[in-house]
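The values are calculated or read from the model by the stated rules, or taken from the named source; none is laboratory data. This one's a predicted model, so the numbers in the text were calculated from it and none came from an experiment. Please note: Cβ atoms are built from the backbone with ideal geometry, for glycine as well, and neighbour counts cover all protein chains shown. The accessibility values were calculated without ligands, DNA or RNA, using every heavy atom of the protein model including side chains. Shrake-Rupley method; radii C 1.70, N 1.55, O 1.52, S 1.80 Å.
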Amino acid sequence: MSGRKSNQSTARAVSCVHLDVRSRTLRTVPRTALSLEGPAALPAGRTALAEGFAAIRAEHELPGRFPSAVLDEAGAVIRDLRSAGLDQVDGIAREDRTDLPLITLDPPGSMDLDQAMGIEPHGSGFRVWYAIADVAAFVRPGGELDREAHRRVLTCYMPDGRVPLHPAELSEGAASLLPDQDRPAVLWCVDVDSHGAKVAVDVRRALVRSRAKLDYPAMELALAEGTAPEVIDLLRVLGTILEARQTARGGLLLDVPTQQVTSAEDGWRLAYAVQRPIERWNAQISLLIGAAAARIMLRGGVGVLRTLPEPSPVTLRRLRRAARGLGVAWPDRRSYQQLISSLTPDDPHQAALLWEATALLRGAGYTPFDGGRPAQTRHNALATDYAHATAPLRRLIDRYTSAVCLALAAGPEVPDWARAALPELPGEMERGERVTKAVDRACVDLAESVLLADRIGEDFTGVVLDLNDRIDWDQNGKPDAGTVMLRDPAVIARLDGHDLPQGTEVRVRLTKADVQSRKVYFDWIDAE
């Protein structure tokens, strides 16, 4: 429910600042003045895509079916919980809060429902109820499920299927917050004032029952028609307030379109996808919970944060140089956060600068601590302390965040299994993220090459997004290679040409589209 999740799709996060966004987006791409046309159908009759996806799985050694021991343990745990009940885990009692009118909000067809929420007026502000699947109720420390989760780390999404973190019996069944089903949950209650500032935070184990399984397109339409449920109307109000608060405190909002490969009845499609406002508002609620979790762990002196350091002086100098080259005014007294958050992606020059600004988000990592406050706590793009907490069905570290926060809030010691794992979690998460990002890139590269394989020599229109200053420097000190974003189809690829005009719409010619290497190259032809 935290952000966008595409069913049977591949995409990388729409924005690195929306850290729980469930979009499987491959490349963050600024929305340019070019229309986002398409989607372009990929040739359904070819075997190249199916073979290519299989090759990507083998190349990155993605796990296949769950071992029988893992499935056996999952079945046994589900049976045990049904017969023995869900009274407590790790010494923390579970309350019955099935009275709460919670809903889930996800893309159509989603079954792995990590979160259910409720929002209600509270004084002059709001009360947010946020239930997160209590995966620790099903995964026994050191057991087969636990070991397999540490091997997989993250759910990996591909156009023709997914490689889940947990077996479907859990992630789409007994642990998923499906409607009209009693489910164990980690229940957050966060009160905020009319400006979005946190006033009170509570977290506890609970039994919850979602009332409805809502989806983004239907609720977007309901908002437009004035028929949305009250919780969705309140989500719009509070999400807008929280976005404004993030900007005011110095955070970044990089809402940029993405490339997406999705399954369709006739095969697959490659398109640009734009994040809906309702998805952004939903992401803000997830960020609110992540910030509350970080505060609890910092006060308790133990936990693990998602951190992002300040950009280096070299990165900022490069960004300022790009702004000058693109003709984007940047007064000396204006911070980079203020500048980037003010840019409109509808202007090609500003769109190109937004592309350059993604460098500000590099260097994100995880910071574990036990016994004191770590030197690095802040997530610079969010301008606050933050922890991954809201997606335990598809991300390993969130289960540990919940365990630590529950213990610190309830009084007992942090469980030994959670505390002992903290030093190793950053390395595991970084390994998992490297694999999923590489798989994401490979899937879109494959789709691009298959789509264009028979179009060598054709001309297209696109915008020069950036210049590669690491290769092909010419004698006048300017790079002769960059990146072009096509108008249609939804392709972003290498562009070769002399003195490429960054931020400018250009005509380009396809010179290479190799399915085996998944490489696509264009030449700039306007200068001919």
The answer for trypsin sites (Lys or Arg not before Pro) in the stretch 188-277 that fall in a DSSP coil and have at most 15 neighbouring Cβ atoms within 10 Å is 249
Largest-first ellipsoid semi-axes for the chain, taking √(5λ) over the Cα gyration tensor eigenvalues, angstrom: 39, 27, 22
Using protein chains only and a probe of 1.4 angstrom, how many square angstrom of residue 519 are accessible, to the nearest 10? 90
For residue 93 and residue 199, FRET efficiency with R0 = 25 Å and r from the beta-carbon atoms, rounded to 0.05? 0.45
Using only protein heavy atoms and a 1.4 Å probe, report how much of residue 459 is accessible, in Å² to the nearest 10. 60
Whole-Hz ³J(HN,Hα) from phi, Karplus 6.51 cos²θ - 1.76 cosθ + 1.60, for the stretch 417-428, glycine and proline x: 5, 6, 5, 5, 7, 3, x, 8, 4, x, x, 5
From the phi of every residue in the stretch 283-292, what ³J(HN,Hα) in whole Hz does the Karplus formula 6.51 cos²θ - 1.76 cosθ + 1.60 yield, where θ is phi - 60° and glycine or proline is x? 4, 5, 5, 5, 5, 4, 5, x, 5, 5
C-alpha center-to-center spacing [the stretch 331-364, the stretch 416-434] in angstrom: 32
If amide hydrogens are placed 1.01 Å from N in the peptide plane, which non-local residues have theirs closer than 5 Å to the one on residue 268? 42
Amide H of residue 519: which non-local residues (sequence gap of 5 or more, or other chain) have their own amide H closer than 5 Å, using H built in the peptide plane? 514
Using only the alpha-carbon atoms, how far is helix 230-248 inclined from the longest principal axis of the chain? Give it as 0 to 90 degrees, nearest 10. 60
Apply the Karplus curve 6.51 cos²θ - 1.76 cosθ + 1.60, θ = phi - 60°, to the phi angles in the stretch 355-369 and return the couplings in whole Hz, x for Gly and Pro. 4, 4, 5, 4, 5, 5, 9, 7, x, 5, x, 10, 10, x, 7
The stretch 216-237 and the stretch 129-161: distance between their alpha carbon centers, rounded to Å: 31
What is the stretch 144-292's relative contact order, in percent, from Cα pairs under 8 angstrom and six or more apart in sequence? 17
Sorted by mean Cβ packing within 10 Å, highest first, what order do the peptides 369-376, 142-149, 390-397 take? 390-397, 142-149, 369-376
Could you give the angle, 0 to 90 degrees to the nearest 10, between helix 68-84's Cα long axis and the longest principal axis of the Cα atoms of the chain? 40
Expressed in angstrom and ordered largest first, the alpha-carbon extents of the stretch 317-461 along the principal axes are 64, 49, 21
Counting other C-beta atoms within 10 Å, and keeping those with at most 11, which DSSP coil GluC sites (Glu not before Pro) do you find in the stretch 419-449? 424
What translational diffusion coefficient, in µm²/s and rounded to a whole number, does the Stokes-Einstein relation yield for the stretch 198-315 at 25 °C and a viscosity of 0.890 mPa s, taking the hydrodynamic radius as the Kirkwood radius over Cα pairs? 138
Residues with amide H under 5 Å from that of residue 122, placed H, sequence gap 5 or more: 127
Nearest 10 degrees, 0 to 90: what angle lies between the long axis of helix 216-225 and the longest principal axis of the chain (Cα atoms)? 90
Got the relative contact order for the chain handy, in percent, Cα pairs under 8 Å and 6 or more residues apart? 20
Which one of 420, 108, 53 is farthest out on the positive end of the charge dipole of the chain, using unit charges on Cβ (Lys, Arg +1; Asp, Glu -1) and the Cα centre as origin? 420
Distance in nm between residue 69 and residue 264 label points, each 7 Å along Cα→Cβ, equals 4.5
Using label points projected 7 Å from each Cα along Cα→Cβ, tell me how many nm separate residue 519 and residue 160, to one decimal. 2.4
